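Q: Mind looking over this structure? Questions follow.
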Amino acid sequence: MVDEALVKEMKGKFDAGAAASDVMDTLKVFELFKQIAVENEDLKEELEDMDITIQMNITDEDKKFWLKAKEGTLEFGEGDVENPSFTFSATKEVGSGMLFGEVDATSAYMAGDITVEGNLQDAMAFQEIIELALEAYEDLAEDL
């Protein structure tokens with residue numbers, strides 16, 4: 001079950017927008033996505049065949065986060081991760097905007113606002129994870 005207190009907290013943050021968020025809210029977004037992945041069939045199905053590790057660098061805040069999608073689950077943390085499938089670097093505004101559903105990753109990549117080193121197909125799969133998790137979050141937030 002997705003923690004209702006977390007959904008309420010994140011609803012306030014999502015309503016305020018990515019620009020108002022703190023860089024450490026990234027971990028809260030990842031926790032929300034992790035909990036959603038346990039319950040949401042579409043997201044669970046998307047994650048089942050994945051084995052990707054994402055290194056996320058927030059360039060203007062000197063922060064690093066990682067996310068692993070493997071065998072239907074999500075794990076995450078702060079700092080560096082070994083052997084990422086790809087490394088994604090962006091400013092806090094762009095990175096948070098992507099996690100909040102305000103920035104289209106493909107457009108940001110094409111505009112040079114995001115750099116990706118490594119497997120671009122895995123980067124596109126990461127975008128799919130975000131989109132499915134945000135759709136599921138919106139359903140949960142509506143019920144509050």
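Q: In debye to the nearest 20, how big a dipole does the chain give about its Cα centre with +1 on each Lys and Arg Cβ and -1 on each Asp and Glu Cβ?
A: Dipole about the Cα centre, nearest 20: 480 debye.
Q: Here is a follow-up. Cα extents of the chain along the three principal axes, largest first, in whole Å?
A: So the three principal-axis extents are 38, 34, 26 Å.
Q: Straight-line reach from Lys70: which lysines have a Cα under 21 Å away, not including same-chain ones fewer than 8 places off?
A: Lys28, Lys34, Lys44
Q: Return the long-range amide H neighbours of Val103 (sequence gap of 5 or more, or a different chain), with a cut-off of under 5 Å between placed amide H atoms.
A: For Val103, whose amide H was placed from the backbone, the distant partners under 5 Å are Met98.
Q: Using θ = phi - 60° and the Karplus curve 6.51 cos²θ - 1.76 cosθ + 1.60, what whole-Hz ³J(HN,Hα) does each residue of the range 37-42 get, with Gly and Pro shown as x?
A: Whole-Hz 3J(HN,Hα) from phi for the range 37-42: 4, 6, 9, 7, 4, 4.
Q: Using a 7 Å offset from the Cα along the Cα-to-Cβ direction at both Glu142 and Glu78, what is the distance between the two label points in nm, to one decimal?
A: 3.5
Q: Right, next: Subtract the Cα-Cα distance of Gln121 and Ala5 from 0.36 nm times their separation in residues, and report this length gain in nm to one decimal.
A: Taking 0.36 nm per residue and subtracting the Cα distance, the gain is 38.3 nm.
Where a number appears in this text, it was derived from the coordinates with a stated rule and is not lab data. Note that this is a predicted model, so its numbers are computed, not measured. Every residue, glycine as well, gets a Cβ built from its backbone with ideal geometry; the counts of neighbours run over all protein chains shown.
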